[in-house]
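S.K.: What follows is a single structure, and I will ask about it in a moment.
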């Protein structure tokens, strides 16, 4: 599938371009064509700033981490969650999929109990 270009902005107004899948529709939609890269490729203006788009990810990440922390009988010393994000001119940030499925990779770590240091008889 051919890719298109979407222009996103940061809150400070800095614009940058991202390669995206072609939008499904621009009629009555929330995106608009703003330029042509060449005869075959259009540039679309994204409707959200990057910060606004990423704000939609925070509650999902917080929920995943919270549920993993609270659901363990032996709390992990470290929790790492990895997932793919994809920028879309229409939707902002979406969770990327592989083969039609969205995956979260979860890594839990426990450190071995560290032996307590024994004090010498003289308290040093």
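The values are calculated or read from the model by the stated rules, or taken from the named source; none is laboratory data. Model, not experiment: these values are computed from the prediction. Methodologically, a virtual Cβ is constructed for each residue, glycine included, from the backbone with ideal geometry; neighbour enumeration extends over all protein chains shown.
S.K.: Given the conditions (1) modelled with pLDDT of 75 or more; (2) assigned to a loop (DSSP other than H, G, I, E, B); (3) surrounded by 10 or more Cβ atoms within 10 Å (Cβ to Cβ), report the number of the one that residue 30 does not fulfil.
M.R.: It is condition (1) that residue 30 fails.
S.K.: With respect to the numbered conditions (1) at pLDDT below 80; (2) surrounded by 14 or more Cβ atoms within 10 Å (Cβ to Cβ), which one is the sole condition not fulfilled by residue 25?
M.R.: With (1) at pLDDT below 80; (2) surrounded by 14 or more Cβ atoms within 10 Å (Cβ to Cβ) applied to residue 25, the lone miss is (2).
S.K.: Give the residue, chosen from 105, 80, 90, 111, that is modelled with pLDDT of 85 or more, touching a strand residue (DSSP E or B) at 6+ places or on another chain (Cβ under 9 Å) and not in a strand (DSSP E or B).
M.R.: Values: 105 fails: not in a strand (DSSP E or B); 80 fails: not in a strand (DSSP E or B); 90 fails: modelled with pLDDT of 85 or more.
Exactly one of 105, 80, 90, 111 is modelled with pLDDT of 85 or more, touching a strand residue (DSSP E or B) at 6+ places or on another chain (Cβ under 9 Å) and not in a strand (DSSP E or B), namely 111.
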